[in-house]
Ligand code: ZN
Ligand code: FE
C-alpha cells in the first residue's frame with residue numbers, strides 16, 4: 001500500500017486547506033476547502049484528481065469552497081451527521097467511530113465538540129495523520145463558540161490518546177501567537193522552548209508550522225496539559241480540577 005501524500009495549501013489570511021492523496025488509487029480528499037479557485041489550481045499543478053471533500057465543521061472559512069468544487073469535480077462531500085443542515089452539499093453523513101474510505105486508506109471519525117457542537121476530526125491511523133480542523137492547533141486549541149470547557153477538554157483528551165508519531169494537520173496558522181501565550185504559563189518547559197525555537201525559524205523563513213507532531217503537542221501544548229502536574233504547578237493552578245484549569249487558560253487566551 002502506497003503512503004498517503006499530504007499537501008497543505010495556505011489560503012485567506014491564515015487558513016490551511018489540506019489535500020490528502022492516495023497515489024495508487026488516484027483518490028484525493030480536500031479537507032476544509034475555505035475557497036475553491038486556489039485549491040483547484042494547486043490540485044491541477046499536482047495532477048491530483050479530487051474524489052472527496054472532508055469537512056470538519058460548518059464555519060465559512062472551512063466550507064466556503066465546497067459547492068463550487070463539488071460542481072466542478074463531482075466529488076463526494078463528507079461531514080458530521082449532526083451538522084447535516086449546515087454542511088453544504090453533504091453526501092455522506094458520519095458519526096463517531098465511522099470509517100471513511102479514501103482509496104486503499106481509511107480514516108476514522110472522532111466527534112470532537114467544543115469549537116462547534118458538530119465538529120469532527122479524521123484520523124488516518126496507518127498514515128499517522130490527524131485532520132482536526134479548529135479543535136487542536138499547534139500549541140493551542142479552538143475557541144469555544146458552541147461548547148463548554150468540559151466538552152472541549154474531553155474532545156482534546158480523545159485526540160491526546162493517539163500515538164505520539166501522529167502528524168497533526170490543523171486549520172489555522174496561529175502558532176506564533178500560541179507560542180507567546182504558552183510561554184506565559186510554562187516558561188521553563190523545555191519541549192515548549194524547543195518548539196518555540198523551531199516555530200520562530202519556520203516563520204522567519206516564511207514556512208508553515210503544519211504539520212506538528214502529536215508527541216510534541218502533548219509535551220508543550222498547554223491545552224493538552226490541564227491535568228499534568230508539572231503544568232499545573234508552573235501555571236499556579238494546582239488546586240483546581242482539569243476542566244477548571246482548562247477553562248481558566250482558555251479564558252486567559254481569549255483575552256491575551
Ligand atoms: Zn472554525
Ligand atoms: Fe477556522
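Odds and ends about this structure:
- Being under 16 Å from residue 162 (Cα atoms), more than 16 Å from ligand 2 (Cβ to nearest atom) and surrounded by 24 or more Cβ atoms within 10 Å (Cβ to Cβ) is true of residue 107.
- For the criterion of being surrounded by fewer than 20 Cβ atoms within 10 Å (Cβ to Cβ), within 15 Å of residue 211 (Cα to Cα) and in contact (Cβ under 8 Å) with a residue 12 or more places away in the chain, residue 5 passes.
- When residue 63 is tested against (1) crowded, with 20+ Cβ neighbours inside 10 Å; (2) touching a strand residue (DSSP E or B) at 6+ places or on another chain (Cβ under 8 Å), just one condition goes unmet, and that condition is (2).
- Test: residue in region 43-52 that is within 16 Å of ligand 2 (Cβ to nearest atom) and under 20 Å from the mean Cα position of the chain (by Cα): no
- Taking the listed residues 60, 15, the one that is under 23 Å from residue 138 (Cβ atoms) and touching a residue at least 40 places away in the same chain (Cβ under 8 Å) is 15, with no other qualifying.
- Pairs meeting the criteria (first residue in region 72-97 and without any contact (Cβ under 8 Å) to a residue 12 or more places away in the chain, second residue in a loop (DSSP other than H, G, I, E, B) and surrounded by 18 or more Cβ atoms within 10 Å (Cβ to Cβ), beta carbons under 6 Å, at least 6 apart or on different chains) are 84/90.
- The listed residues are 56, 51, 73, and the only one of them that is in contact with a strand residue (DSSP E or B) (Cβ under 6 Å, 6 or more places away or on another chain) and surrounded by fewer than 22 Cβ atoms within 10 Å (Cβ to Cβ) turns out to be 51.
- Among the residues of region 183-191, none qualifies, meaning not one is closer than 30 Å to residue 12 by Cβ, surrounded by 14 or more Cβ atoms within 10 Å (Cβ to Cβ) and within 19 Å of the chain's Cα centre (by Cα).
- Conditions (1) surrounded by fewer than 17 Cβ atoms within 10 Å (Cβ to Cβ); (2) within 19 Å of residue 210 (Cα to Cα); (3) under 17 Å from the mean Cα position of the chain (by Cα): number failed by residue 38: (3)
- Members of region 196-207 that are out of contact with any helix residue (DSSP H, G or I) (no Cβ under 7 Å at 6 or more places or on another chain) and within 19 Å of residue 136 (Cα to Cα): 198
All of the numbers you see were taken from the coordinates with simple rules; none came from a lab. Just so it is clear, the model here is predicted, and its values are computed rather than measured. Glycine gets a Cβ as well: all are built from the backbone with ideal geometry, and neighbour counts include every protein chain shown.
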